[in-house]
Amino acid sequence: MRKVFCETLGTSINLPDIPQRIISFSPAVTETLFLLNAGDSIAGVSAFCARPEETRKKRVVGSYNTVDPKLLQELSPDLIFTVTGYQREFAVKLSHQMPVYAIELPVSIAGIVDMVVKVGLIVNKITEATALSRQLHETISLLKPVDNNPSVYVEIDFSGPVSFGAYSYITDALRLLGGESVFGREPAEWLTPELDLVKRADPEVIIYEAKMFSRFSERDLRNLIEKRTWQDLRAVREGHVFLTPGPLDFLAHHGPSFITTAMPWLKKSLSVS
């Protein structure tokens with residue numbers, strides 16, 4: 001057994017050398033575990049874990065911050081992964097009965113790479129984590145920033161409009177790629193945007209992410225812009241309004257695929273402005 005200290009919760013947990021029954025309530029950690037060849041050790045996931053495709057074959061044990069206690073006892077995990085932020089209270093409660101490790105929510109792209117390394121250390125997949133970390137660093141190094149430094153408004157529907165401030169990996173990604181978030185200097189991870197302020201900022205690029213699993217279309221986005229009377233914004237006039245691809249979380253997902261998939265997509269979106 002190994003004693004591992006979880007700094008975010010201030011607790012120590014005893015883990016086997018190779019955890020065999022892992023439950024992950026974090027989509028980002030779940031994706032990372034598969035990329036580290038630890039997918040076979042996953043005994044359960046949250047309802048929002050959807051990457052990679054094999055994840056959907058895993059047993060769903062709860063949501064972001066809920067769990068079926070009987071199912072949890074039945075699975076008898078030797079390790080539970082959560083994140084901080086919205087899952088912190090849930091993680092603290094679980095940690096009184098189970099071995100919980102809460103990964104800190106990343107505030108930067110470097111934080112996503114750090115998460116990969118940390119998960120690899122915890123599940124004793126150090127070689128695999130080093131290789132994945134190297135791959136992610138190489139991907140980042142190839143993403144040269146655009147020259148025009150466009151102003152960008154990013155909105156994600158979390159049962160209402162949410163945008164991102166200085167303490168967000170999304171804001172950090174935009175800066176690395178040469179863009180600047182409209183709310184990039186606000187001292188917050190996320191915030192409820194003042195839509196009139198967005199209108200006054202007149203961003204050069206607008207990026208919108210619909211609610212996960214919704215059937216939100218380009219037409220729906222055009223209707224939303226008309227409803228907000230944003231037709232005269234520069235991004236709209238010049239055709240630089242983008243709907244993130246697919247029904248899953250795209251920018252809202254802070255797993256390794258944010259670097260390998262979302263960041264190249266972001267750069268392409270910024271390059272046309």
Could you list, in sequence order, the residues of region 235-253 that are at negative phi and free of Cβ contacts under 8 Å to residues at least 24 places away in the same chain?
237, 245
Every pair of residues 6+ apart whose Cβ atoms lie under 9 Å, when the first sits in region 40-57 and is free of Cβ contacts under 8 Å to residues at least 60 places away in the same chain and of a type in the set (D, E, K, R) while the second is part of a helix (DSSP H, G or I) and surrounded by 18 or more Cβ atoms within 10 Å (Cβ to Cβ):
54/34
Consider residue 225 carefully, then state whether it is of a type in the set (Val, Ile, Thr), assigned to a helix (DSSP H, G or I) and without any contact (Cβ under 8 Å) to a residue 60 or more places away in the chain.
yes
Which residues, counting only those in region 250-267, are in contact with a helix residue (DSSP H, G or I) (Cβ under 7 Å, 6 or more places away or on another chain), surrounded by 17 or more Cβ atoms within 10 Å (Cβ to Cβ) and either assigned to a helix (DSSP H, G or I) or of a type in the set (D, E, K, R) (or both)?
256, 257, 258, 259, 263, 266
Picked from region 78-94 (must be surrounded by 14 or more Cβ atoms within 10 Å (Cβ to Cβ) and of a type in the set (D, E, K, R)), the residue modelled with the highest pLDDT is 78
Read through the list (1) surrounded by fewer than 15 Cβ atoms within 10 Å (Cβ to Cβ); (2) at pLDDT 95 or above, then give the number of the only condition that residue 97 fails.
(2)
Checking the conditions here, which among 61, 29 is surrounded by 20 or more Cβ atoms within 10 Å (Cβ to Cβ), within 19 Å of residue 84 (Cα to Cα) and free of Cβ contacts under 8 Å to residues at least 60 places away in the same chain?
61
Would you mind telling me which numbered condition in (1) within 23 Å of residue 11 (Cα to Cα); (2) crowded, with 22+ Cβ neighbours inside 10 Å residue 49 fails?
(1)
Scan region 116-168 residue by residue and report those that are under 30 Å from residue 13 (Cα atoms) and more than 19 Å from the chain's Cα centre (by Cα).
121, 122, 123, 124, 125, 126, 127, 128, 130, 131, 134
Of the residues that make up region 163-171, is at least one β-branched (Val, Ile, Thr), crowded, with 20+ Cβ neighbours inside 10 Å and part of a loop (DSSP other than H, G, I, E, B)?
no
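The values are calculated or read from the model by the stated rules, or taken from the named source; none is laboratory data. Please read these numbers as outputs of a predicted model, since none were measured by experiment. Because the Cβ atoms are built from the backbone with ideal geometry, glycine has one as well, and the counts that use them run over all protein chains shown.
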